[in-house]
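Trainee: To start, I am sharing the structure in question, which I have written as structure tokens.
Every number in this text was worked out from the coordinates using simple rules, so none of it is lab data. The structure displayed is predicted, hence computed values, not measured ones. Neighbour counts run over all protein chains shown; Cβ positions are idealised from the backbone, glycine included.
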Amino acid sequence: MTGASGAQYALRLLECLVKAEVEVFFMISQAAQLVVATETNLTLPPKPQALEIFLTQHYGARPGQIRVFGKQDWMAPVASGSGAPSAMVVCPCSTGSLSAIATGASNNLIERAADVALKERRKLILVPREAPYSTVHLENMLKLSQMGAVILPASPGFYHQPASVEDLIDFVVARILNQLDIPQELLARWGEEREQRAD
């Protein structure tokens, strides 16, 4: 998680990953901590070990399913190609993080993990939440897309007739889960509802 608006997307994604029995390496920037406190009623502990315990309890994860790493924990598995996970999602992805990842800055563990994902040709999904996009933002997105990253803006659709803010959040989270090839029931795939009505 980085410091763009849209903490709800990341927290809902984390909840869904836990339910899907996926192991999660979790990293959060200081700016994202502030966004969580501003946009939700959660107060996340600032220290990685305490945050790991909190998230495990809050989402009912099995012991060790969620592992939290600090921004300078260079011994974390995600810091090396030999320990990198099969996929990484930066959600939400601030435009500052977008720029750092596009240039390979690796100033913190989130940026380094994304750099590793790119160099190892692992799936990297970036979920920017900004409006409007500047030319710099668009150029960075194009550059990352050409490197193989998936740019998945937090832009919910309305064709599923959302009835709540939660439905809009689930739209974006469902698209992320689809990209990760993780089964989800948050949102029917295009055409599925019509097929179900015809049965």
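Trainee: Taking the number of other C-beta atoms within 10 Å as the exposure measure, put Val165, Val22, Val89 in order starting with the fewest.
Mentor: Final ranking by Cβ density, sparse to dense: Val165, Val22, Val89.
Trainee: Give me the one-decimal nm value for the distance between modelled label points at Val136 and Arg121, 7 Å along each residue's Cα-to-Cβ direction.
Mentor: For Val136 paired with Arg121, the spin-label model returns 3.3 nm.
Trainee: Hey, can you rank 13-19, 101-107, 40-46, 82-88 by average C-beta count inside 10 Å, highest first?
Mentor: The densest-packed peptide leads the list: 13-19, 101-107, 82-88, 40-46.
Trainee: Please go through the residue pairs Lys119/Lys143; Lys71/Lys143; Lys19/Lys71 and name each one whose alpha carbons sit more than 21 Å apart in this structure.
Mentor: Too far apart for the 21 Å limit: Lys71/Lys143; Lys19/Lys71.
Trainee: Spelling out what I want: for every residue of the range 74-84, take phi, set θ = phi - 60°, compute 6.51 cos²θ - 1.76 cosθ + 1.60 (Karplus), and round to whole Hz; glycine and proline get x.
Mentor: Values per residue, Gly and Pro as x: 6, 8, 5, x, 5, 7, 9, x, 6, x, 5 Hz.
Trainee: Now for a different question. Counting helices only, and only those DSSP H runs with n ≥ 4, report the 222 nm mean residue ellipticity of the chain as the sum of -39,500 (n - 2.57) divided by its residues, in deg cm²/dmol to the nearest 500.
Mentor: Computed ellipticity for the chain at 222 nm equals -13500 deg cm²/dmol.
Trainee: Taking the Cα centroid of the range 1-65 and of the range 111-132, what is the distance between the two, rounded to the nearest whole Å?
Mentor: 18 Å
Trainee: Set Lys and Arg Cβ to +1 and Asp and Glu Cβ to -1, take the dipole of the chain about its Cα centre, and tell me which of Gln30, Val18, Tyr159 lies farthest positive.
Mentor: Value computed over the given set: Gln30.
Trainee: In addition: Stretched out fully, how many nm does the piece from Ser164 to Ile53 gain, at 0.36 nm a residue minus the Cα gap?
Mentor: Full extension of this stretch gives 36.9 nm more.
Trainee: Mind putting a number on the dipole of the chain about its Cα centre? Charges go on the C-beta only, +1 for Lys and Arg and -1 for Asp and Glu, and I need it in Debye to the nearest 20.
Mentor: 500 debye
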